[in-house]
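Peer 1: Encoded as structure tokens, here's the structure I'll be asking about.
The values are calculated or read from the model by the stated rules, or taken from the named source; none is laboratory data. Just so it is clear, the model here is predicted, and its values are computed rather than measured. Note that each Cβ is placed from the backbone with ideal geometry, even for glycine, and that neighbours are counted across all protein chains shown.
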Amino acid sequence: YHFWLNEPPVIQAIQNNLPVYKTKGITLVIVSPDDKLPQELEREVVILDFPLPSREELKTILAGLVEGTGIEPDDEAAVLDAAQGLTWEEAENALALALVREKKFDPHTICTLKAQMVEKAAALQFSQFTETFATLGGLENLKEWTLNRFKGRRPGLPFRGILLLGIPGTGKSHFAKALGNEVGWPVLSLDMGRVFGSLVGESEAKMREALKVVDAMSPCVLFIDEIEKGLAGVGGSSNDGGTTQRVGGTFLQWLNDHTSEVFVIATCNDFSKLPPEYTRMGRWDGIFFVDNPGTGERAQILKIYLDQFQVSPKGKTLPDLDGYSGAEIRQVAIEAAYSGGDLTAAARFVIPISRSQKGQIDALREWARARTIPASRPAVQEVKNQRRVQI
């Protein structure tokens with residue numbers, strides 16, 4: 001009924017009949033996917049929010065299908081995990097379609113269908129990444145700290161997430177994708193661009209809907225890439241009537257108050273676009289700075305990509321690639337694959353951002369020095385004056 005609820009004649013009719021409803025004990029029930037009400041009715045209406053099905057309710061749906069078909073799931077827990085985050089009807093459809101396609105309750109099929117449904121309903125992307133920590137060179141401090149956080153979590157302890165600040169191409173997104181596989185949790189990506197809509201109140205409603213799905217799919221990892229771009233103007237410089245601030249406020253309130261097992265990983269390349277409330281300690285469990293890899297890390301990353309692209313480098317002594325990010329080292333390996341394994345020649349075709357944007361990178365490092373935790377261990381940080389490394 002939300003299509004007509006904002007029409008003046010409908011608002012007037014409801015207001016005119018309110019005394020009649022009260023005297024005759026009539027309850028007017030309005031069903032809507034959106035909780036945005038006309039200002040005239042805000043104080044007259046009680047909003048009841050129906051959450052997505054719990055695990056027990058999903059078990060009831062599954063039991064109904066088992067009873068009707070006589071087919072038992074091979075792994076009930078895996079099936080329920082795959083169905084979390086779906087509405088009642090979506091869960092029934094996904095389970096039934098898995099039966100039709102695979103002749104069984106196949107968790108992989110249900111996850112594939114869930115990915116399509118989640119993307120249609122909210123500004124989320126449910127992805128099954130292949131990255132692991134074994135494919136991510138360096139960042140040992142960040143890896144160890146995060147895994148210890150997962151092992152040590154218990155009721156009553158804050159468990160929110162981390163903000164990864166750093167140079168573009170240093171593995172921030174790679175880390176977020178790999179963490180899900182390391183801890184066995186699904187990874188949901190929140191696309192801030194899809195949150196914002198053209199109608200009044202639409203953006204805030206989309207953010208609430210997305211966070212509701214995230215809570216229902218817990219335990220999970222929520223990944224927000226380049227959060228500063230999605231919240232550009234949150235400090236008050238935007239001319240969108242305060243929409244960005246309200247969306248940001250909704251997210252921050254959820255980040256502070258949510259009790260579901262959701263670990264948030266937000267990445268940021270430009271600290272100047274984030275207001276203080278997004279970078280203060282306490283808002284996140286940790287704020288890490290991801291710098292260009294040190295000498296040992298560069299050797300580790302280079303070996304990963306040489307193996308991945310099946311490159312046999314010429315000679316045993318290779319260029320140190322000082323100042324190159326992980327993504328730039330990857331590109332060097334690709335160039336070498338096309339040039340017969342000559343890494344020195346390949347490196348000349350890849351200009352590192354630390355050289356092309358030195359001023360901005362130096363400013364970012366200076367800002368992060370006293371405000372963040374290094375993602376890499378000191379033992380593998382850059383060694384001065386060491387120009388070549390053995391592979």
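Residues are listed down the side, and each one gets a yes or a no for (1) under 28 Å from Arg153 (Cβ atoms); (2) small (Gly, Ala, Ser); (3) at pLDDT 90 or above:
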{"position": "Gly249", "(1), (2), (3)": "yes, yes, no"}
{"position": "Thr267", "(1), (2), (3)": "yes, no, yes"}
{"position": "Pro276", "(1), (2), (3)": "yes, no, no"}
{"position": "Thr279", "(1), (2), (3)": "yes, no, no"}
{"position": "Asp291", "(1), (2), (3)": "yes, no, yes"}
{"position": "Tyr305", "(1), (2), (3)": "no, no, yes"}
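Peer 1: Can you name the residue in the range 179-210 that is modelled with pLDDT of 90 or more and buried (at least 22 other Cβ atoms within 10 Å of the Cβ) and, of all such residues, is farthest from Gln84 (Cα to Cα)? Give the steps one after another, and end with the answer.
Peer 2: In the first step, residues of the range 179-210 are kept if they are modelled with pLDDT of 90 or more; the result is 179-183, 187-190.
Remaining after also requiring buried (at least 22 other Cβ atoms within 10 Å of the Cβ): 179-180, 187-188, 190.
Details: Leu179: 20, Gly180: 16, Val187: 13, Leu188: 12, Leu190: 17 Å.
Among those residues, the one meeting the criterion is Leu179.
Peer 1: Could you tell me whether the range 271-279 includes any residue that is in a strand (DSSP E or B) and within 19 Å of Leu252 (Cβ to Cβ)?
Peer 2: No, the range 271-279 contains no residue that is in a strand (DSSP E or B) and within 19 Å of Leu252 (Cβ to Cβ).
Peer 1: I'd like to check which helices (runs of 4 or more DSSP H) are fully inside the range 304-373 and have at least 2 residues that are in the same structural domain as Thr146 (by TED's automatic domain parsing) and surrounded by 13 or more Cβ atoms within 10 Å (Cβ to Cβ). Break it down stepwise before answering.
Peer 2: On the way: elements: 326-338, 343-347, 353-356, 358-369.
Ranges flagged: none.
Peer 1: Which of (1) touching a residue at least 12 places away in the same chain (Cβ under 8 Å); (2) farther than 20 Å from Thr259 by Cβ does Glu144 not meet, given it meets every other one?
Peer 2: Single failed check for Glu144: (1).
Peer 1: Turning to a different aspect of this structure: Any chance you could count how many residues in the range 35-63 are out of contact with any helix residue (DSSP H, G or I) (no Cβ under 8 Å at 6 or more places or on another chain), free of Cβ contacts under 8 Å to residues at least 24 places away in the same chain and of a type outside the set (S, T, N, Q)?
Peer 2: 10
Peer 1: All but one of (1) closer than 26 Å to Ala205 by Cα; (2) outside any helix (DSSP H, G or I) hold for Gln15; state the number of the condition that does not hold.
Peer 2: (2)
Peer 1: So, one more: Please determine whether any residue of the range 5-22 is assigned by TED's automatic domain parsing to the domain that holds Leu95 and of a type in the set (Val, Ile, Thr).
Peer 2: The answer is no, given that none of the residues of the range 5-22 is assigned by TED's automatic domain parsing to the domain that holds Leu95 and of a type in the set (Val, Ile, Thr).
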